[in-house]
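A.B. asks: Here's a structure for you.
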Amino acid sequence: MTQLLSAIASEQHSLAFYSALSTQYPLFAPFVNVQNAQLETLASFALQAGTPLQESINIAIPTTEMLALESALAHEQAKIVFYNRLAANEPNLVIRDVFFTIAATCHNNHLPTIRNALAGHYANQNLLGDLLASKVWLQDAQNLIQDIQAGNVNEKNLASFLDNLNLSMLGGVLIGGAVIALLNHFLNQNKE
C-alpha cells in the first residue's frame, strides 16, 4: 500500500506541476488531462483501500518556457525511474501494470513531446545567433568599405576584418559573384 500511496503522491505532484505550467505555457495543457486520468486510476485503488488523498500542492512556475521545458524533461525522466522501481517491487499485478503503463506513457509520449519542443527552442536560438553574427560581419564590412572610401584603411584594419571572415561565406560570395558576372555577360551578348 505504501507504493500505491507514493505513486498517488507523485501523480498529485505531477498534476500540480503541469497545472501550474499550463497557466503560463499552453504547451503543457494536454499533460494536465493525462495526469488527471493517471491520478484517477491510482486513486480508485486507494479509495478501495480506504486511504485518504493529499490536498493541493503549490508549485513554483519557471520564469521562461525553456526552463519550464527543461524542468518538465527532468520531471518525466525521474517519473520513469520512479515507476519502474515501484513496478519492480509491486506484488499486485494490476497495480504493477498501471505503474508500467504510467512509465511507458512518460517514455513514449511525454519525453518525445518535450524533447521536440526543446529542439525547436535550441534551433531558434542557434538561428538567432547566426543572424546576429551575420549582422556583426555586415557591419564590419560596411565599416571597412567606409574606411577604404575615406582612405583610412591600413594593414591592421584589413587583417582584422579577414581574421573574422568565414571561409565558407567567402566562397559563397565569390561563387555568387562569378555566377552574376556570367549571367551579366550572357545577357549583354544576347542584347548585341
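The values are calculated or read from the model by the stated rules, or taken from the named source; none is laboratory data. Predicted model, so just to flag it, every value in this text is computed and none were measured. Positions of Cβ are generated from backbone atoms using ideal geometry, with glycine treated the same way; all protein chains shown enter the neighbour counts. All accessible areas refer to the heavy atoms of the entire protein, side chains included, with ligands and DNA or RNA removed. Shrake-Rupley method; radii C 1.70, N 1.55, O 1.52, S 1.80 Å.
A.B. asks: Quick one: Karplus J couplings for segment 87-104, per residue in order, coefficients 6.51, -1.76, 1.60, θ = phi - 60°, nearest Hz, x for Gly and Pro?
C.D. replies: Taking θ as phi minus 60°, the curve returns 5, 5, 10, 8, x, 6, 5, 5, 5, 4, 5, 5, 4, 5, 5, 5, 4, 5 Hz for segment 87-104.
A.B. asks: Same structure, new question: Using 0.36 nm times the number of residues separating A181 and R85, minus their current alpha carbon distance, what extension gain do you get? The partial results should precede the final answer.
C.D. replies: On the way: separation 96, 0.36 × 96 = 34.56 nm, distance 6.83 nm.
Difference between extended and current length: 27.7 nm.
A.B. asks: Ok, one more. According to a simple spin-label model (label point 7 Å from Cα along Cα-to-Cβ), what is the distance in nm between N143 and K156?
C.D. replies: Here the answer is 1.3 nm between the modelled labels.
A.B. asks: Pop out the ³J(HN,Hα) list for segment 5-22 in order, Karplus 6.51 cos²θ - 1.76 cosθ + 1.60 with θ = phi - 60°, rounded to Hz; leave Gly and Pro as x.
C.D. replies: 5, 5, 5, 5, 4, 5, 5, 5, 5, 5, 4, 5, 4, 6, 5, 5, 5, 5
A.B. asks: Accessible surface of R96 in the full protein assembly, 1.4 angstrom probe, to the nearest 10 Å²?
C.D. replies: 70 Å²
A.B. asks: If you don't mind, another one. Ignoring ligands and nucleic acids, what accessible area does F100 show with a 1.4 Å probe (Å², nearest 10)?
C.D. replies: F100 exposes around 100 Å² with every protein chain in place.
A.B. asks: Run the 1.4 Å probe and let me know the accessible area of I180, rounded to the nearest 10 Å².
C.D. replies: 120 Å²
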